[in-house]
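Take a look at the structure below.
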Amino acid sequence: MNVSAIQQELLSLPPEQQDMLSAFLVSVRLKRDGLLKVVDDRLNDTDPGNWVAWDDLKPELGDEPTDAGQ
């Protein structure tokens with residue numbers, strides 16, 4: 001099976017299954033690129049001095065609202 005055929009098959013999946021596959025592929029890429037530990041360390045960082053305030057981050061994200069978390 002070639003990539004094009006796989007892509008076409010994935011388009012037929014329900015959105016929830018596409019999201020699950022996407023999360024899986026991101027985790028595979030993070031592992032492959034050696035970034036999983038970096039992400040894990042940042043998520044588990046308990047030192048508030050290393051955190052970024054949400055209000056400081058918003059301008060970098062732009063003005064467009066997302067549907068994330070809704």
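The values are calculated or read from the model by the stated rules, or taken from the named source; none is laboratory data. None of the values given here were measured: they were computed from a predicted structure. Ideal geometry is used to build each Cβ from the backbone, glycine not excepted, and the neighbour counts take in all protein chains shown.
For segment 30-50, give me each residue that is outside any helix (DSSP H, G or I) and either exposed (fewer than 10 other Cβ atoms within 10 Å of the Cβ) or among the aliphatic types (A, V, I, L, M) (or both).
Answer for segment 30-50, where residues must be outside any helix (DSSP H, G or I) and either exposed (fewer than 10 other Cβ atoms within 10 Å of the Cβ) or among the aliphatic types (A, V, I, L, M) (or both): 33, 34, 35, 44, 46, 47.
Note down all Cβ pairs under 8 Å where the first residue falls in segment 51-62 and is surrounded by 10 or more Cβ atoms within 10 Å (Cβ to Cβ), the second is modelled with pLDDT of 85 or more and in a loop (DSSP other than H, G, I, E, B), and they're at least six residues apart or on different chains.
51/45
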